[in-house]
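Asker: This is the structure, below, for whatever I ask next.
The values are calculated or read from the model by the stated rules, or taken from the named source; none is laboratory data. Every value quoted in this text rests on a predicted model; they were computed, and no experiment measured them. With ideal geometry, Cβ positions are generated from the backbone for all residues, glycine too; neighbour counts draw on all protein chains shown. Ligands, DNA and RNA are stripped out before the accessible areas are found, and what is left, the full protein with its side chains, is counted by its heavy atoms. Shrake-Rupley method; radii C 1.70, N 1.55, O 1.52, S 1.80 Å.
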Amino acid sequence: DLALNAAHAAFPAWSAVSIDERAAHLNRAAGLLEERMPFFMAILSKEAGKTIAACESEVREAIDFCRYYAVSAQENLKPIHLPGPTGESNQLFMKGRGVFVCISPWNFPLAIFMGQVVAALVAGNVVLAKPADQTPIIAFEAIKLLHDAGIPTDALHLLTGRGSVIGARLLPDNRIAGVM
């Protein structure tokens, strides 16, 4: 309840942040993931039982997701000025919808987790991130990294625990704008 209340309250401010600034946070996150790759690989190996090669590939995929969604947002989410046949000003624009719940699977606990979270954030949504029950440590470290990259703590929350309990509490709430 505390995380949902905080995220809901944070949405207006986060959605008002420019697309370029939100994309810059994602690019910083990609850089931090590159710098901290051995650390993240060690957690993936220990917590998820992945091989070294699989760990490296997963961290690289998480980096790619950060960069891809940053570029994609800058190319596709900026306002578009449309022609006005009678001289009026028409503009097409995208905006965040609100609080998103991102529920990730156990098999790609960093890559899919990061992909969902950063896609929602760069689009102007705030996020309640729920990792797989089996892999909360890698998710915790990923959230810390995103905060280090500039994502405000009130715009991104980590919820660990049983999916059946967290989902039952959050999904029926009318403040939830989307689920990934």
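Asker: Taking θ = phi - 60°, what integer Hz values does the Karplus form 6.51 cos²θ - 1.76 cosθ + 1.60 yield along region 100-109, in sequence order, with x for Gly and Pro?
Answerer: 10, 9, 10, 10, 10, x, 7, 6, 9, x
Asker: Only Lys, Arg, Asp and Glu count, each charged at its Cβ (+1, +1, -1, -1), so figure out the dipole size of the chain about its Cα centre, rounded to 20 debye.
Answerer: Working: 15 positive and 17 negative charges, 60 e Å.
That gives a dipole near 280 debye.
Asker: Taking 7 Å along the Cα-to-C-beta vector as the label spot, tell me the Asp173-Gln134 distance in nanometres, rounded to one decimal.
Answerer: Here the answer is 2.8 nm between the modelled labels.
Asker: Long-range amide H contacts for Lys50: which residues qualify at under 5 Å (H placed 1.01 Å from N, peptide plane, sequence gap of 5 or more or a different chain)?
Answerer: Long-range HN contacts for Lys50: Ser45.
Asker: Right, another one. Please compute the net charge surrounding Ser18, taking Lys and Arg as +1 and Asp and Glu as -1 over other residues with Cβ under 13 Å from its Cβ. Could you put the intermediate results ahead of the total?
Answerer: Numbers: positive: Arg22, Lys78, Lys95; negative: Asp20, Glu21.
Result for the local shell: +1.
Asker: Once the dipole of the chain is set up with Lys and Arg at +1 and Asp and Glu at -1 on Cβ about the Cα centre, which of Met180, Leu145, Val71 lies farthest towards its positive end?
Answerer: After comparing all options, I get Met180.
Asker: Mind listing the long-range amide H neighbours of Met180? Cut-off is under 5 Å, sequence gap 5 or more, other chains count too, H placed in the peptide plane at 1.01 Å from N.
Answerer: Val101, Cys102, Ile103
Asker: Can you give me the relative contact order of the chain as a percent, contacts being Cα pairs under 8 Å and 6 or more apart? Walk me through the numbers on the way to the answer.
Answerer: Details: 302 pairs, mean separation 53.2, N = 180.
Once normalised by length, the contact order is 30 percent.
Asker: What FRET efficiency, computed as 1/(1 + (r/R0)^6) with R0 = 25 Å and r the Cβ-Cβ distance, is obtained for Ala13 and Ala42, rounded to the nearest 0.05? Walk me through the numbers on the way to the answer.
Answerer: Numbers: r = 35 Å, r/R0 = 1.41.
Rounded to the nearest 0.05, the efficiency is 0.10.
Asker: Just to check I understand the Karplus step: with θ = phi - 60° and J = 6.51 cos²θ - 1.76 cosθ + 1.60, what whole-Hz values come out for region 139-145, glycine and proline as x?
Answerer: 5, 4, 5, 5, 5, 4, 4
Asker: Short version: ³J(HN,Hα) in whole Hz for each residue of region 175-180, in order, from phi by Karplus 6.51 cos²θ - 1.76 cosθ + 1.60 (θ = phi - 60°), x for Gly and Pro, what are they?
Answerer: Once θ is set to phi - 60°, the couplings for region 175-180 become 7, 7, 8, x, 9, 10 Hz.
Asker: Looking only at the chain, where both bridge partners belong to it, what percent of the DSSP beta bridges are antiparallel (to the nearest 5)? All intermediate terms of the calculation are to be shown ahead of the outcome.
Answerer: Details: 3 of 14 bridges.
Taking every DSSP beta bridge with both residues in the chain, the antiparallel ones total about 20 percent.
Asker: Roughly how tilted is helix 2-15, in degrees to the nearest 10 and between 0 and 90, from the longest Cα axis of the chain?
Answerer: 40 degrees
Asker: Given (1) 66, 43, 27; (2) 64, 35, 23; (3) 48, 40, 39 as candidate values of Cα extents along the principal axes in Å, which corresponds to the one derived from the coordinates?
Answerer: Evaluating Cα extents along the principal axes in Å on these atoms matches (2).
Asker: So what are region 87-180's ellipsoid semi-axes, whole angstrom, largest first, if each one is the square root of 5 times an eigenvalue of the alpha-carbon gyration tensor? It would help to have the intermediate numbers written out before the result.
Answerer: Values: eigenvalues 139, 53, 24 Å².
Result for region 87-180: semi-axes of 26, 16, 11 Å.
Asker: Given the Cα-Cα distance of Arg60 and Glu34 and 0.36 nm per residue of separation, how much length would full extension add, in nm?
Answerer: Values: separation 26, 0.36 × 26 = 9.36 nm, distance 0.79 nm.
Taking 0.36 nm per residue and subtracting the Cα distance, the gain is 8.6 nm.
Asker: In deg cm²/dmol, rounded to 500, what helix-only [θ] at 222 nm does the chain give when every DSSP H run of at least 4 residues adds -39500 (n - 2.57) and the total is split over its residues? Don't jump to the answer; show the numbers that get you there.
Answerer: Details: 7 runs with 101 residues, N = 180.
Helix-only estimate at 222 nm: -18000 deg cm²/dmol.
Asker: So, for region 81-167, what is the accessible surface per residue at a probe of 1.4 Å, expressed in square angstrom?
Answerer: Working: 3910 Å² over 87 residues.
In whole numbers, region 81-167 has 45 Å² accessible per residue.
Asker: Would you compute the Debye intensity of region 1-94 from its alpha-carbon atoms alone, equal scatterers and no solvent, and pass along log10 I(q)/I(0) at q = 0.16, 0.19, 0.22 Å⁻¹ to two decimals?
Answerer: Taking Cα atoms of region 1-94 as identical point scatterers yields -0.86, -0.97, -1.03.
Asker: Ignoring everything but the protein chains, give the 1.4 Å probe accessible area of Leu2 in square angstrom, nearest 10.
Answerer: Counting only protein heavy atoms, Leu2 exposes about 150 Å² to solvent.
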